[in-house]
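Structure first, then comments.
The values are calculated or read from the model by the stated rules, or taken from the named source; none is laboratory data. Keep in mind that what you see is a predicted model, and the values were worked out from it rather than measured. Here the Cβ is made from the backbone with ideal geometry for all residues, glycine too, and neighbour counts use every protein chain on show.
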Amino acid sequence: MDIIQAIQERHSVRSYQDKKIAPEIVEALQEKIAAINQLSGLNIQMFTDEPQAFKSLLAHYGKFRNAKNYIALVGEKSEDLDERCGYYGEKLVLTMQMLGLNTCWVALTFAKGKIPLKLQAKEKLVCVIAFGYGETKGIAHKNKPLEKLYKAAEPIPQWFRNGVEMAALAPTAVNQQKFLFTLIGDRQVKAEATGGFYSQIDLGIVKLHFELGAGKENFEWVD
Ligand SMILES: Cc1cc2nc3c(=O)[nH]c(=O)nc-3n(C[C@H](O)[C@H](O)[C@H](O)COP(=O)(O)O)c2cc1C
């Protein structure tokens, strides 16, 4: 499976089989997390076979079943921490999809206080990503019309359309899709969060999807 296929096949899954993650997969994920931590300055931590985080009432309300594996997105407090967690966390989500796992971003419906985290000074937990072998593969979310997700003079270039299409497939909190891509001139793109809960995490996620769809060589980000 390539990464575009992973984007197309990924859906949030909240019910997991009662099955341990294969050791070689745990190892591959540890390596990927170590590489991402090095690159991003984050302190992402993985927990397997740890049922406490999803035992709370909130998790029950969130309809999680057998959620015992998760990745905690942690980093030093900074203005762009949420966005960086979104961007690098989604890299892990797509990696897991390619490894045959299913995932769900979780910012609210878990027991934050029960996670056996190792926090350094100035660090905070942003949210987690639950993962495992899904009971199902999940279902596609509803999409806003593509035109609501971008601003650009028509006709838009194909690479820009591909970027927005991949962003539309991204997970966002409560599927709010509160983001907007603006094409400036021929190859400058501005990405904005347009409000809502956890929208800076969403922004990081959709920017990764946009890059993968559009091809980094075709454009540059501007503020
Ligand atoms: C930042 C963020 C936070 C989320 N928090 C929760 C959560 O607390 N509980 C939950 O069940 N789902 C949560 N989700 C999953 C979204 O509801 C889901 O991604 C969205 O409905 C789109 O569906 P899809 O992921 O299947 O495409 C979260 C997603 C994101 C991106």
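From the set of residues in the range 3-43 that are of a type in the set (A, V, I, L, M, F, W, C) and in a loop (DSSP other than H, G, I, E, B), which is surrounded by the fewest Cβ atoms within 10 Å (Cβ to Cβ)? Among them, the one singled out is ALA22.
Residue pairs whose Cβ atoms lie under 7 Å apart, sitting 6 or more positions apart in sequence or on different chains, and linking a residue in the range 51-71 that is under 14 Å from GLN17 (Cα atoms) to a partner that is away from the ligand (no atom under 12 Å from the Cβ) and part of a helix (DSSP H, G or I), are LYS68/PRO51.
In this structure, does LYS144 turn out to be out of contact with any Leu (no Cβ under 6 Å at 6 or more places or on another chain), farther than 28 Å from SER56 by Cα and surrounded by 14 or more Cβ atoms within 10 Å (Cβ to Cβ)?
Working: out of contact with any Leu (no Cβ under 6 Å at 6 or more places or on another chain): yes; farther than 28 Å from SER56 by Cα: yes; surrounded by 14 or more Cβ atoms within 10 Å (Cβ to Cβ): no.
In short, no.
Screening the candidates LEU117, LEU149, LEU125 for the property of being under 24 Å from GLN8 (Cβ atoms) and surrounded by 11 or more Cβ atoms within 10 Å (Cβ to Cβ) yields one hit, LEU149. Remark: pairs (first residue in the range 84-108, more than 23 Å from PRO23 (Cα to Cα); second residue in a helix (DSSP H, G or I) and away from the ligand (no atom under 12 Å from the Cβ); Cβ separation under 7 Å; 6+ apart in sequence or on different chains) = ARG84/SER40; TYR87/LYS207. Scanning the range 94-151 for residues that are of a type in the set (Ser, Thr, Tyr) and under 27 Å from GLU76 (Cα atoms) yields THR95, THR103, THR109.
Tell me whether the range 39-47 contains one or more residues that are within 16 Å of the ligand (Cβ to nearest atom) and outside the structural domain of GLU211 (by TED's automatic domain parsing). Talk me through it step by step, then tell me what you get.
Quick first cut of the range 39-47, residues within 16 Å of the ligand (Cβ to nearest atom) only: 42, 44.
Checking the rest, the ones that are also outside the structural domain of GLU211 (by TED's automatic domain parsing) come to 42, 44.
Checking the range 39-47: at least one residue is within 16 Å of the ligand (Cβ to nearest atom) and outside the structural domain of GLU211 (by TED's automatic domain parsing).
Among the residues of the range 99-125, count how many are assigned to a strand (DSSP E or B), within 9 Å of the ligand (Cβ to nearest atom) and among the aliphatic types (A, V, I, L, M).
Quick first cut of the range 99-125, residues assigned to a strand (DSSP E or B) only: 102-106, 123-125.
Keeping just the survivors that are within 9 Å of the ligand (Cβ to nearest atom) gives 103-106.
Then keep just the ones that are among the aliphatic types (A, V, I, L, M); that gives 106.
Final tally of qualifying residues: 1.
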